[in-house]
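Visitor: Input: one structure, supplied below.
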Amino acid sequence: MYRSHVLVCGGTGCTSSGSEHIVSALEAEIKQAGLAEEVKVIKTGCFGLCALGPIMIIYPEGAFYSRVKAEDIPEIVSEHLIKGRIVTRLLYDETVHKDGIQSLNETQFYKKQHRVALKNCGVIDPENINEYIAYDGYQALGKVLTEMTPDDVIQLIKDSGLRGRGGAGFPTGLKWSFAKASENDQKYVACNADEGDPGAFMDRSVLEGDPHVLIEAMAIAGYAIGANQGFVYVRAEYPIAVKRLQIAINQAKEIGLLGKNILGTGFDFDLDIRLGAGAFVCGEETALMTSIEGHRGEPRPRPPFPAVKGLFGKPSVLNNVETYANIPQIILKGADWFRSMGTEKSAGTKVFAVGGKIHNTGLVEVPMGTTLREIVEEIGGGIPNGKKFKAAQTGGPSGGCIPASHLDIEIDYDNLISIGSMMGSGGLIVMDEDTCMVDIAKFFLEFTVDESCGKCAPCRIGTKRLYEILDRITKGKGEMEDIQRLKDLSQFIKENSLCGLGQTAPNPVLSTLHFFEDEYIAHIKDKKCPAGVCKDLLRYSIIEDKCKGCTLCARACPAGAITGEVKKPHKIDVHKCVKCGACMEKCRFGAIVKK
């Protein structure tokens, strides 16, 4: 028994901020203080509030220390762990209360969250199977194998209303029933842990913080459809996730929870990892399976669907990590429990990776139906520097931009599609008033152009043409006819592309055209970028009344475009100006403007 447990976030975010050094310093300091038998240090998965990393929580007090540095460790050990005095200056400010520490669950970031997929992340040691078992781990697998038929399992998943968390939201139970109905001597279960969306890291966090939940869920899926082999396709750029998943697989095999005759029931199921090379298209179902087979990751026409002819030509099911992470709790708590969260057509919760122009970046899990305003203003803490909310991009590079007029939309699959966006894997990028919506559409198109596998012409050529039109507009060379060209070409690409990448690639263009067409017109007709982003349309100038002649701007200008005498207003030669903005950053009097 230990009198204190110190949980340190060992997710990728906090690791990159130095949490490994904190763990080393903590263990050394605890040993030096003679507390090694009294205080246990545990490296966990992600806590969610990535903006405050590295993060540490000390129990039983529940003290939530944020932005901890290695040099803070001696004070934490001597004050908190030896003298019992909490180091207030390191506490997350919202937990500081005049009467003591406020519970983390009462803070703005956490109080509206409901953790299902992330239940164990930041709570258990992901490299210790006993900790997973202590939190009801593998009970669902035991229940399934001893009390339920495969049809019972599939019916329960159908009744729960669980929809795929990685794409268009196809009903999971229905997908499993198709695979079960396919007659074959060999079937497969696969997991999409490729997660190619920029800014999305929820699947990675589950793998890093709770890898056994995926193993348990995939074994349940194998039992339900009649498969004895599973594959987890995870991108090689996730080294911590891959390492912990492999450790978890080895541990499960050692105690008979993977392999032959699991729990003495006669059910066999094994699991292997396949590493992806980071191609976005491999997030598409058939491309991923082709890659697992050892070929170049390109999509295949459907039908036949994977439930009939999937991996190696055999019936297969594919879900992503977050979808699987819901399965064990649905088995244990029932369909009604799961349906008690969310909306009528979108049951349960959804994990969002919130980033961009927002205070609290990190992982957020909320019931379906939570409004965008609640996520941005309450959980996310709003927009920094007093700026106004302009839009939120959901669904990654293939999603759409939601404007301020839809801040109160209840987020679920159908509502997002109704306004031209999509759920996707759950990336949520917030943009403020300084974001140019034409430029942001170009940014996402550039990504999909690079990531198109090139197999079908509508995607390979069409997205390239879309990008070229957007590029022209941001350089002040657009024509009014370009707006209709963008709409027509986008529609053609959506209707004729082979896979989901091409079918959804035009979404950023269409959604920004729908909600921000005036910005396109300003670029084309007025040759102006209202947000002041597109360099070719900008002009920097100095307001004489505000300029003090301090010369800071002139000294910062790399092109020698600013001239003037000391203590007299300066001027910018627009022909020499390279529009880098260095002068504006240096000016302390707000005398330089860009329009």
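Visitor: Could you work out the mean projected area of the convex hull around the alpha carbons of the range 401-547, in square nanometres to one decimal? Please list the in-between numbers first.
Guide: On the way: hull surface 41.4 nm².
So the Cα hull casts an average projection of 10.3 nm².
Visitor: On a 0 to 90 degree scale, rounded to 10, what angle separates helix 462-474 from the longest Cα axis of the chain?
Guide: That works out to roughly 30 degrees.
Visitor: Just the projected area, averaged over all directions, of the convex hull on the alpha carbon atoms of the range 342-432: how many nm²?
Guide: Numbers: hull surface 19.7 nm².
Spelled out: convex hull of the Cα atoms, projected over all directions, averaged, 4.9 nm².
Visitor: Considering only lysines 8 or more places apart in sequence, or on different chains, count the pairs in the range 109-250 whose C-alpha atoms sit under 27 Å apart.
Guide: 15
Visitor: Now for a different question. Taking residue 586 as the anchor, which lysines have their alpha carbon closer than 20 Å to its alpha carbon, excluding any fewer than eight residues away along the same chain?
Guide: Those lysines meeting the cut-off are 535, 546, 548, 567, 568, 571, 576, 594, 595.
Visitor: Let me ask something else about it. What number do you get for the range 402-465 when its Cα radius of gyration is normalised by 2.2 N^0.38 Å, N = residues? Don't skip to the answer; put the middle values down first.
Guide: Numbers: Rg = 14.3 Å, N = 64, 2.2 N^0.38 = 10.7 Å.
Here the Cα radius of gyration is 1.34 times the empirical estimate.
Visitor: To continue, here is another question. Relative contact order of the range 129-340: what whole-number percent is it, with Cα pairs under 8 angstrom and at least 6 residues apart?
Guide: Numbers: 387 pairs, mean separation 65.5, N = 212.
About 31 percent, as a whole number.
Visitor: Continuing with this model, one more query. Please give the per residue volume of the convex hull enclosing the alpha carbon atoms of the range 50-162, rounded to a whole number of Å³. Display every interim value, and only then the final one.
Guide: On the way: hull volume 17.6 nm³, N = 113.
Hull volume normalised by residue count: 156 Å³.
Visitor: To the nearest 10 square angstrom, how much accessible area does residue 419 have with a 1.4 angstrom probe?
Guide: Here the accessible area works out near 20 Å².
Visitor: Leaving out ligands, DNA and RNA but keeping every protein chain, what accessible area does residue 154 have, in Å² rounded to the nearest 10, with a 1.4 Å probe?
Guide: Here the accessible area works out near 10 Å².
Visitor: Here is a follow-up. Expressed as an acute angle from 0 to 90° and rounded to the nearest 10, what is the orientation of the C-alpha long axis of helix 481-496 relative to the principal long axis of the chain?
Guide: Roughly 10 degrees between the two axes.
Visitor: Evaluate the relative contact order of the range 82-208 (contact order divided by residue number), counting alpha-carbon pairs under 8 angstrom at least 6 apart; express in whole percent. Write out the running numbers ahead of the final one.
Guide: Working: 57 pairs, mean separation 17.2, N = 127.
Normalised by residue count, the contact order of the range 82-208 is 14 percent.
Visitor: At a 1.4 Å probe, what is the % contribution of carbon and sulfur to the accessible area of the range 224-344? Can you show the working numbers first?
Guide: Values: 2500 of 4850 Å².
Carbon with sulfur: 51 percent of the solvent-accessible area.
Visitor: Next question, about the same structure. Let me know the whole percent of all Cα-Cα pairs from the range 538-594 that are separated by more than 19 Å. Walk me through the numbers on the way to the answer.
Guide: Details: 176 of 1596 pairs.
Every Cα pair in the range 538-594 considered, those over 19 Å come to 11 percent.
Visitor: What's the carbon and sulfur percent of the range 371-426's accessible surface, probe 1.4 angstrom, rounded to a whole number?
Guide: 47 percent
Visitor: Next question, about the same structure. Before anything else, pin down the relative contact order of the range 4-106: Cα pairs under 8 Å, at least 6 apart, normalised by residue count, whole percent. Each step should come with its number before you reach the end.
Guide: Working: 153 pairs, mean separation 30.0, N = 103.
Computed over the range 4-106, the figure is 29 percent.
Visitor: In Å, what is the Rg of the alpha-carbon atoms in the chain, and how long is Dmax?
Guide: Considering the chain through its Cα atoms, Rg and Dmax are 26.6, 88 Å.
Visitor: Once you sort the root eigenvalues of the Cα gyration tensor of the range 344-396 as a ≥ b ≥ c, which label holds: rounded (a/c under 1.5), prolate (a/b larger than b/c) or oblate (the other case)?
Guide: Prolate, since a/c reaches 1.5 and a/b exceeds b/c.
Visitor: If you average over every viewing direction, what projected area does the convex hull of the Cα atoms of the range 129-340 give, in nm²? All intermediate terms of the calculation are to be shown ahead of the outcome.
Guide: Numbers: hull surface 43.5 nm².
Reported value for the Cα convex hull: 10.9 nm².
Visitor: Given a 1.4 angstrom probe, what's the average accessible area per residue across the chain, in square angstrom? All intermediate terms of the calculation are to be shown ahead of the outcome.
Guide: Values: 24790 Å² over 595 residues.
Computed with neighbouring chains in place, this is 42 Å² per residue.
Visitor: Using per-residue counts of other Cβ atoms within 10 Å, averaged over each peptide, order 112-124, 238-250 from highest down. The partial results should precede the final answer.
Guide: Details: 112-124: 21.9, 238-250: 19.5.
In decreasing order of mean packing, 112-124, 238-250 become 112-124, 238-250.
Visitor: Another one. Counting other C-beta atoms within 10 Å, and keeping those with at most 16, which DSSP coil chymotrypsin sites (Phe, Trp or Tyr not before Pro) do you find in the range 76-185? Can you show the working numbers first?
Guide: Working: sites: 92, 109, 110, 132, 135, 138, 176, 178; in loops: 92, 135, 138.
Loop-located and lightly packed - 135.
Visitor: For the range 296-415, compute the number of Lys pairs whose alpha carbons are separated by less than 25 Å, excluding pairs fewer than 8 positions apart on the same chain.
Guide: Details: 333/345; 333/350; 350/390; 357/387; 357/388; 357/390.
Value for the range 296-415: 6.
The values are calculated or read from the model by the stated rules, or taken from the named source; none is laboratory data. Since the model is a prediction, treat every value here as computed from it, not as a measurement. Please note: Cβ atoms are built from the backbone with ideal geometry, for glycine as well, and neighbour counts cover all protein chains shown. These accessible areas exclude ligands, DNA and RNA; they are computed on the full protein's heavy atoms, side chains included. Shrake-Rupley method; radii C 1.70, N 1.55, O 1.52, S 1.80 Å.
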